[in-house]
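Report on one structure; see the data block that follows.
The values are calculated or read from the model by the stated rules, or taken from the named source; none is laboratory data. Not measured: the values here are computed from a predicted model. Positions of Cβ are backbone-derived with ideal geometry, glycine not excepted, and every protein chain shown enters the neighbour counts.
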Amino acid sequence: MTETTDDKGREYSERPWGSYTVLDDEMFDHKVKRIVVTPGKRLSYQFHAKRAEHWFIVAGQATVIVDGVEHDLGPGASIDIAIGQAHRCENYGTVPVVFIEVQHGTYFGEDDIVRLEDDFGRVTT
């Protein structure tokens with residue numbers, strides 16, 4: 001994982017499944033990211049103890065799993081993920097899935113990720 005900044009000075013991170021850019025993290029009660037999932041990849045199946053998330057699909061066809069229930073979402077669709085709900089985004093398409101993630105809660109660090117399943121060997125023990 002490579003964490004750096006983009007050409008506008010925003011936090012940017014390459015991940016095995018794609019990348020994310022932090023669009024806003026100036027307030028104490030929310031954080032906003034732009035997430036890109038590469039075709040054929042998926043995020044870990046995970047949950048958070050201190051934040052809820054709202055995902056708005058911008059491009060591509062996303063398969064989103066929330067607590068074991070599959071949702072097929074395209075551009076303009078959105079889904080809410082409550083604190084403690086297991087979730088992941090999968091991209092079975094041929095173009096990147098792009099979505100905006102709005103996190104709301106009390107803590108937004110990357111260490112508030114409990115991975116239940118992961119294609120890249122990062123399961124939390």
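All of (1) more than 12 Å from the chain's Cα centre (by Cα); (2) modelled with pLDDT of 95 or more hold for ALA52 with one exception: (1).
The set of residues in the range 1-54 that are surrounded by fewer than 18 Cβ atoms within 10 Å (Cβ to Cβ), aliphatic (A, V, I, L, M), touching a residue at least 24 places away in the same chain (Cβ under 8 Å) and more than 12 Å from PHE108 (Cα to Cα) contains only LEU23. Can you name the number of the only condition in (1) more than 17 Å from ASP25 (Cα to Cα); (2) among the charged types (D, E, K, R); (3) assigned to a loop (DSSP other than H, G, I, E, B) that ASP80 fails? It fails just one condition, (3).
Considering the range 59-68, and only residues there that are closer than 12 Å to TYR45 by Cα and not charged (D, E, K, R), the residue that is farthest from the chain's Cα centre (by Cα) turns out to be GLY68. Residues of the range 86-125 that are surrounded by 15 or more Cβ atoms within 10 Å (Cβ to Cβ), of a type in the set (S, T, N, Q) and under 15 Å from TYR45 (Cβ atoms): ASN91 alone.
Which residue is surrounded by the fewest Cβ atoms within 10 Å (Cβ to Cβ), if the candidates are limited to the range 55-79 and must be touching a Leu at 6+ places or on another chain (Cβ under 7 Å) and closer than 17 Å to THR94 by Cβ?
Restricting to residues being touching a Leu at 6+ places or on another chain (Cβ under 7 Å) and closer than 17 Å to THR94 by Cβ, the top hit is ILE57.
If you filter the range 92-118 down to residues that are touching a residue at least 60 places away in the same chain (Cβ under 8 Å) and under 14 Å from PRO39 (Cα atoms), you find that the one that is farthest from the chain's Cα centre (by Cα) is PRO96.
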